[in-house]
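**Q** Quick one: the structure is below, questions incoming.
The values are calculated or read from the model by the stated rules, or taken from the named source; none is laboratory data. All values derive from a computational prediction rather than experimental measurement. As a convention, Cβ positions derive from the backbone with ideal geometry for all residues, glycine included, and neighbour counts pool all protein chains shown. To get the accessible areas, we keep the full protein, side chains included, count just its heavy atoms, and leave off ligands, DNA and RNA. Shrake-Rupley method; radii C 1.70, N 1.55, O 1.52, S 1.80 Å.
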Amino acid sequence: MPKTKKKAELPALPAPQATPPELRLDLLLHLSDLPGVPGQEDAVRDFVLRELQGLADEVRVDALGNVIARRAARKAKKDDRVERVMIAAHMDEIGFLVRFIDDRGFVRVQALGGFDTRNLFARNVTVHTRSGTLPGLLTPGGKPVHIASPEERKKIPEVREFFIDLGLGAEDVRAQVRVGDMVTLDQTARRVGNLICGKAMDDRASVFLLLETLRALKDTAPRHEVIAVFSTQEEVGLRGAITAAYGVQPTVGIGLDVTLAVDTPGVAPEEAVTRMGEGIGIKVFDSTMISHRALVDEFWDLAQERGIPAQLEVLPLGGTDGAAIQRSRGGVPSVTLSLPTRYIHTVVEAVQVDDLRAGLSLLLAYLQ
């Protein structure tokens, strides 16, 4: 259990690093491009397993497909308390499954995760079949603007109204596509100024942070035992982190995820949640968890002492793997570190380079 008193009880801190480790942003761009909807995270998992080589004392994959990597703590000094810290970042992205093929070969989809359908009009997608990938076009049923009535133009369609055009006849589609095949949105990640933008920064940016954390710890044993969990099926109910937390049995939980940065035109300042470039978010509240107050204070105090940019976050709606860890077994003191992200649940999710650095610095400061 983390200490409940304030600064006076924090352990002595080593001198802060002058600069955080250099970020391998090409790795993040590649991670965002990989396909991996809930339950079909195979490509992301294979990539994570390759990157983990030499970075952990033990690596395994559990029955739900979570990747679990363990780093042992350094030898404790007298009176030191060594925690078992589970840090979770989810591998899956929002996407679709094939649910029906009609008699003309158009494919209907089941959403995996929350979509604002205003962002789904006329999108390039890929259908991932057992025999390979097929390019497709996703759009809602209805008339083009040229012949639609004013009322029809205002309508916001539901996901069930969208279909995929594969440019093939029904017989060819049925020969290649099955119900349950994965469908992902197509968007190549790229750098835009100080932003890194792509279809799956939620939550590949946190997968990246967790990998970079383990890389930075490669030659230095952490003060706590670290259990890094690259989780599955977060977007459909935090499922992978639930089972992983029961198996790992941590004493402290840290979720890594994105959060809203609505610091853009048309939104009142009090609704921004977080702001780009002002540092990593330390979650106080979302609709699935209230972070353990002692951990919020510990991370906040540590950020202030080390000069690491950080901001406190209250998210009205949404949840992270931190909630899954918090509710496991008899309960686990937990907090989530959140990357401010613009345009969440679109194909141009955007995180900022300085906020990534701040997140890495704060995690390392806590673990070292």
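**Q** Which peptide among 174-180, 352-358, 333-339 comes first, and what is the full order, when sorted by highest mean count of other Cβ atoms within 10 Å?
**A** On the way: 174-180: 13.9, 352-358: 21.4, 333-339: 27.1.
Peptide ranking by packing, descending: 333-339, 352-358, 174-180.
**Q** When ranked by the protection proxy of mean other Cβ atoms within 10 Å per residue, highest first, what sequence do the peptides 201-212, 240-251, 284-295, 71-82 form?
**A** 201-212, 240-251, 284-295, 71-82
**Q** Can you give the relative contact order of region 217-368 as a percent, counting alpha carbon pairs under 8 Å and 6+ residues apart? Don't jump to the answer; show the numbers that get you there.
**A** Values: 283 pairs, mean separation 48.7, N = 152.
Worked out over region 217-368, it gives 32 percent.
**Q** Which residue fluctuates the most in the chain, going by a Gaussian network model with Cα springs under 10 Å, if the choices are Asp92, Asp33, Asp181?
**A** The residue with the greatest mean-square fluctuation here is Asp181.
**Q** Between rounded, prolate and oblate, where does region 160-263 land on the alpha carbon gyration tensor, with a ≥ b ≥ c its root eigenvalues, rounded for a/c under 1.5, else prolate if a/b exceeds b/c?
**A** Working: a/c = 2.60, a/b = 1.74, b/c = 1.49.
Judged from the Cα gyration tensor, region 160-263 comes out prolate (a/c at least 1.5, a/b above b/c).
**Q** While we're looking at this one, here's another question. What do you get when you divide the Cα radius of gyration of the chain by 2.2 N^0.38 Å, with N the number of residues?
**A** This ratio for the chain stands at 1.04.
**Q** At a threshold of 8 angstrom on Cα-Cα distance, excluding pairs fewer than six apart, so keeping six or more, what relative contact order does region 88-159 reach in percent? Walk me through the numbers before you get to the answer.
**A** Numbers: 72 pairs, mean separation 16.7, N = 72.
Result for region 88-159 is 23 percent.
**Q** Choose one answer from His30, His146, His90: the residue with the largest mean-square fluctuation in a GNM of the chain with alpha-carbon springs under 10 Å.
**A** Top of the fluctuation ranking is His146.
**Q** Please express the Cα-Cα pair-distance distribution P(r) of region 62-205 as a list of whole percents, one per 10 Å bin, running from 0 to the bin with the greatest distance.
**A** P(r) over region 62-205, rounded to whole percents: 9, 29, 26, 18, 8, 6, 3, 1.
**Q** Here is a follow-up. Which of rounded, prolate, oblate describes region 278-336, given a ≥ b ≥ c as roots of the alpha-carbon gyration tensor eigenvalues and a/c under 1.5 marking rounded, otherwise prolate only if a/b is larger than b/c?
**A** Numbers: a/c = 2.86, a/b = 1.56, b/c = 1.84.
Oblate, since a/c reaches 1.5 and b/c is not below a/b.
**Q** Within the chain, how many lysine pairs that are 8 or more places apart, or on different chains, have C-alpha atoms less than 27 Å apart?
**A** Lysine pair count for the chain: 24.
**Q** If each Cα of region 208-257 is one equal point scatterer, what is log10 of I(q)/I(0) from the Debye formula at q = 0.23, 0.26, 0.28 Å⁻¹?
**A** Per q value, in the given order, log10 I(q)/I(0) is -0.97, -1.12, -1.20.
**Q** What accessible area per residue, rounded to a whole number of Å², is obtained for the chain using a probe radius of 1.4 Å? Spell out each step's value before the answer.
**A** On the way: 16670 Å² over 368 residues.
Ligands and nucleic acids excluded, the figure is 45 Å² per residue.
**Q** Moving on to the next point. From the Cα gyration tensor of region 58-126, with a ≥ b ≥ c the square roots of its eigenvalues, which class applies: rounded if a/c is under 1.5, or else prolate if a/b is larger than b/c, or else oblate? Could you put the intermediate results ahead of the total?
**A** Details: a/c = 5.34, a/b = 3.10, b/c = 1.72.
It is prolate, given that a/c is not under 1.5 and a/b is the larger ratio.
**Q** So if I place +1 on the C-beta of Lys and Arg and -1 on the C-beta of Asp and Glu, and nothing else carries charge, what would the dipole magnitude of the chain be about its Cα centre? I want it in debye, nearest 20. Let's see the in-between values first.
**A** Details: 45 positive and 50 negative charges, 153 e Å.
Dipole of the chain, to the nearest 20 debye: 740 debye.
**Q** So in the chain, what percent of DSSP beta bridges are antiparallel if you round to the nearest 5?
**A** Bridges in the chain are about 65 percent antiparallel.
**Q** Which order do peptides 317-328, 185-196 fall in by mean Cβ count within 10 Å, highest first? Walk me through the numbers before you get to the answer.
**A** Values: 317-328: 24.1, 185-196: 15.9.
The peptides rank, most packed first, as 317-328, 185-196.
**Q** Using just the helices of the chain, give the 222 nm mean residue ellipticity in deg cm²/dmol: DSSP H runs with n ≥ 4 each add -39,500 (n - 2.57), and the total is spread over all residues, rounded to 500. Numbers along the way, then the final one.
**A** Numbers: 9 runs with 92 residues, N = 368.
Computed ellipticity for the chain at 222 nm equals -7500 deg cm²/dmol.
**Q** Follow-up. Over the chain, what is the relative contact order in percent, taking alpha-carbon pairs closer than 8 angstrom and at least six residues apart? Kindly include the intermediate steps, with their values, before the conclusion.
**A** Details: 827 pairs, mean separation 84.6, N = 368.
Reported relative contact order: 23 percent.
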